[in-house]
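Single-structure report; data block below.
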Amino acid sequence: MAMTRFDPFADLLTIRGPLDADFASWGGSGRWVPAVDIFENGKQELVLKAELPDMKREDIQVVFENNTLTLKGERNFEQVTTEHGVKQDQFHRLERAYGTFSRCFSLPSTVDASKIGADYKNGVLTVTLPFREESRPRTINVEVAA
């Protein structure tokens, strides 16, 4: 009797082809997810950087509520094609996604909501989230007892 190796993902690979075709037929419209980096800089801050190319400032929303940072917006295909003077039937390949996006990030309670700042430059949104003063590390002097 021959031994057959079980592959739990084999069925997923067989349905991927039709799904890829369905996604391609949508022409890149609908929801998309911008790439995001989140890191601590050396200034006691969290920094979030989101790639939002071909967007205008007025098409981006940044909301902080209940320790949750939400990025929302829309990259409109018609707006991009109009700005560059290109018609839809002139495209040979369309790989970038268009449409609305919404990303939510749970943040620690140590973030000072009153000092959050956002900057949008060269297609990158940078949100700076400073920590509260009381949550920052402090150096405590140790005195020698007599």
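The values are calculated or read from the model by the stated rules, or taken from the named source; none is laboratory data. Since this is a predicted model, take the numbers as computed values, not measurements. When we count neighbours, we look across all protein chains shown, and the Cβ atoms used for this are built from the backbone with ideal geometry, even at glycine.
Here are the numbers for the structure shown:
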{"quantity": "Selection status of THR128, surrounded by 10 or more Cβ atoms within 10 Å (Cβ to Cβ) and hydroxyl-bearing (Ser, Thr, Tyr)", "calculated": "yes"}
{"quantity": "Qualifying residue in region 3-11 (condition: exposed (fewer than 15 other Cβ atoms within 10 Å of the Cβ), at pLDDT below 90 and part of a helix (DSSP H, G or I))", "calculated": "yes"}
{"quantity": "Count of residues meeting criterion [charged (D, E, K, R), part of a helix (DSSP H, G or I) and loosely packed, with under 14 Cβ neighbours inside 10 Å] in region 59-92", "calculated": "3"}
{"quantity": "Residue within region 98-105 that is β-branched (Val, Ile, Thr), out of contact with any Cys (no Cβ under 7 Å at 6 or more places or on another chain) and in a loop (DSSP other than H, G, I, E, B) present", "calculated": "no"}
{"quantity": "Unmet requirement for ALA50, which otherwise passes all of (1) outside any loop (DSSP other than H, G, I, E, B); (2) surrounded by fewer than 16 Cβ atoms within 10 Å (Cβ to Cβ); (3) of a type outside the set (S, T, N, Q)", "calculated": "(2)"}
